[in-house]
Amino acid sequence: MKADSPYRGRLAPSPTGYLHLGHARTFWTAQCRARAAGGALVLRSEDLDAARFSLDFADAMLEDLRWAGFTWDEGPDVGGPCAPYRQSERLPLYRAALGRLHEAGLIYPCSRSRRDVIEAAGAPHEGAGDDEPLYPAAFRPDPARPLPALGARTGANWRLRVPDGEVLGFVDGRLGPQSAVAGRDFGDFPVWRKDDCPTYQLACAVDDAEMGMTEVVRGEDLVRSTFRQLLIYRALGRSPPAFYHCPLMLDAGGVRLAKRHDALSLRAIRARGDSPESVRLGWDPAG
Ligand code: GLU
């Protein structure tokens, strides 16, 4: 389908397991918003997490989405002007962005383990489904000390230093005005991992900017990530897209759906013989 408006939206699934109804409902909202705007919908495979990633899931993901009624204008299987559409094939772009953050002195290497951070910070951060503990200020290196070269510090994660006390805000398309205080609601966060791989925050912001997204539609568990990504856009001199965060789907017991809910995977539903129309029944396009 040829887009006749500047709207660009995306579906950004991670092939770490079978897609479930929760993903599908969020993606449906993304697709409805792109179509209503007469814009383009891009499928990007967020397959960086090599340890959990399996080729079978990547294929199953596209197949299940097509079965459920999704169509995309650009993607790993159909190509497009922003190819490649698999994050595992876009590493040079992320590395270039990391270089810019390094030149600007906004990141530092951190050899603390997640356990060190949790022990020093106390419980993981409450709220918005975010499980990142607040990085303790005492672990930060002195900003006046020269940064080691990138690559000179293997075995370290690189973190972005957040501007303590700054109030960040955006107007969400569904939730309205949102704000968070850097250093209080979220702390310094990893942008590059010690296994030489970008984190979700960096890869996602770089791709949404490079792929020209005008609106990002995703689950509301990612609202706090949006604030982190706003800092990355700013550091890279890019303007952020609009955001629209969808409600999360809960199971019968009120627990958020996850890939371990096998019975609610699109694959299992399809195997039971349900139709895609019955799956989508009752999904409010307004999300
Ligand atoms: N790949 C992420 C996920 O499957 C979505 C990230 C996003 O939409 O920004 O949870």
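Using alpha-carbon pairs under 8 Å, 6+ residues apart, how would you state the relative contact order of region 151-287 in percent? Can you show the working numbers first?
Details: 161 pairs, mean separation 27.7, N = 137.
Across region 151-287, relative contact order equals 20 percent.
Evaluate the distance, in nm, between pseudo-label points positioned 7 Å from the Cα of L55 and of L175 along their respective Cα→Cβ axes.
In this crude label model, L55 to L175 measures out at 3.8 nm.
With everything on Cα atoms, drop me the angle between helix 91-103 and the longest principal axis of the chain, reported from 0 to 90° to the nearest 10.
It works out to around 30 degrees.
Of A263, A235, L250, which is farthest on the positive side of the dipole of region 215-287, counting Cα position, with +1 on Lys and Arg Cβ, -1 on Asp and Glu Cβ, and the Cα centre as origin?
Of A263, A235, L250, it is A235.
Identify, among P109, L48, F70, the residue whose Cα sits farthest towards the positive end of the charge dipole of the chain, taking +1 on the Cβ of Lys and Arg and -1 on the Cβ of Asp and Glu, with the dipole about the Cα centre.
P109
Mind sorting D142, D47, D172, D196 by how few other Cβ atoms lie within 10 Å of their own Cβ, fewest first? Walk me through the intermediate numbers first.
Details: D142 6, D47 22, D172 15, D196 10.
Result, fewest neighbours first: D142, D196, D172, D47.
Given an 8 Å cut-off on Cα distances and at least 6 residues of separation, report the relative contact order of region 135-223 as a percent.
On the way: 82 pairs, mean separation 22.7, N = 89.
Once divided by the residue count of region 135-223, the mean separation gives 26 percent.
Scan around W192 for amide H atoms under 5 Å from its own, H built in the peptide plane at 1.01 Å from N, and keep only partners 5 or more places away or cross-chain.
W158, T199
Expressed as an acute angle from 0 to 90° and rounded to the nearest 10, what is the orientation of the C-alpha long axis of helix 55-68 relative to the principal long axis of the chain?
Taking the Cα atoms of the chain, the angle to 55-68 is about 50 degrees.
Which listed residue (L222, G183, P198) has the Cα farthest towards the positive end of the charge dipole for region 179-239, taking +1 on Lys and Arg C-beta and -1 on Asp and Glu C-beta about the Cα centre?
Towards the positive end, the residue furthest out is G183.
Expressed as a whole number of Å, what is the distance separating the alpha-carbon centroids of region 50-100 and region 186-238?
16
Would you work out the charge dipole size for the chain about its Cα centre, treating the Cβ of every Lys and Arg as +1 and the Cβ of every Asp and Glu as -1, and quote it to the nearest 20 debye?
Numbers: 37 positive and 38 negative charges, 69 e Å.
Result for the chain is approximately 340 debye, rounded to the nearest 20.
Give the calculated FRET efficiency between I118 and V167 to the nearest 0.05, with a Förster radius of 35 Å applied to their Cβ-Cβ distance.
On the way: r = 26 Å, r/R0 = 0.75.
Calculated transfer efficiency: 0.85.
Laboratory data are not the source of any read-out in this text; all were calculated from the coordinates shown. On a predicted model such as this, the values are computed, not experimentally measured, just so you know. Here Cβ is always computed from backbone atoms with ideal geometry, including for glycine, and neighbour counts include all displayed protein chains.
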